[in-house]
Amino acid sequence: MAKTVLAVDDSASIRQMVSFTLKSAGYDVVEAVDGMDGLEKAKAKSVNLILTDQNMPRMDGLTLIKNLRGLPQYASTPILMLTTESSDAMKAQGRAAGATGWLVKPFDPQKLIEVVRKVIG
């Protein structure tokens with residue numbers, strides 16, 4: 001049974017790239033256009049990993065992570081930030097919110113697959 005990844009990003013091109021990369025490695029991918037959409041989709045379907053951008057309309061990545069961590073089914077699910085933000089302060093906020101890890105855009109598809117495999121197998 002394929003593991004499912006929820007990709008949350010307001011950029012259609014990033015979502016397509018993440019989706020294409022992970023599907024080619026054998027994962028199922030659910031796409032969401034912002035944090036609100038991501039939260040709704042995570043509640044509707046159980047996922048094994050969440051990849052989220054930080055800067056999005058309606059709900060940013062940190063708020064999404066805090067909301068997901070408040071749900072029993074996502075208390076320990078890996079959540080990776082995939083963002084252009086790379087400052088130590090932002091990473092510290094991400095960790096405080098409950099992010100498992102951090103990937104900086106633009107991402108290397110091979111590196112994304114390696115990280116996802118390391119986190120969920």
Check your understanding: In segment 40-59, is there at least one residue being within 23 Å of P109 (Cβ to Cβ), surrounded by fewer than 14 Cβ atoms within 10 Å (Cβ to Cβ) and charged (D, E, K, R)?
Key -> no
Practice item. Please give the number of the condition G35 fails out of (1) out of contact with any strand residue (DSSP E or B) (no Cβ under 9 Å at 6 or more places or on another chain); (2) among the small types (G, A, S); (3) buried (at least 16 other Cβ atoms within 10 Å of the Cβ). Key: (1)
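Values quoted throughout were computed directly from the atomic coordinates according to the rules given, and no laboratory measurement underlies them. What you see is a predicted model; the values in this text were computed from it and never measured. Positions of Cβ are backbone-derived with ideal geometry, glycine not excepted, and every protein chain shown enters the neighbour counts.
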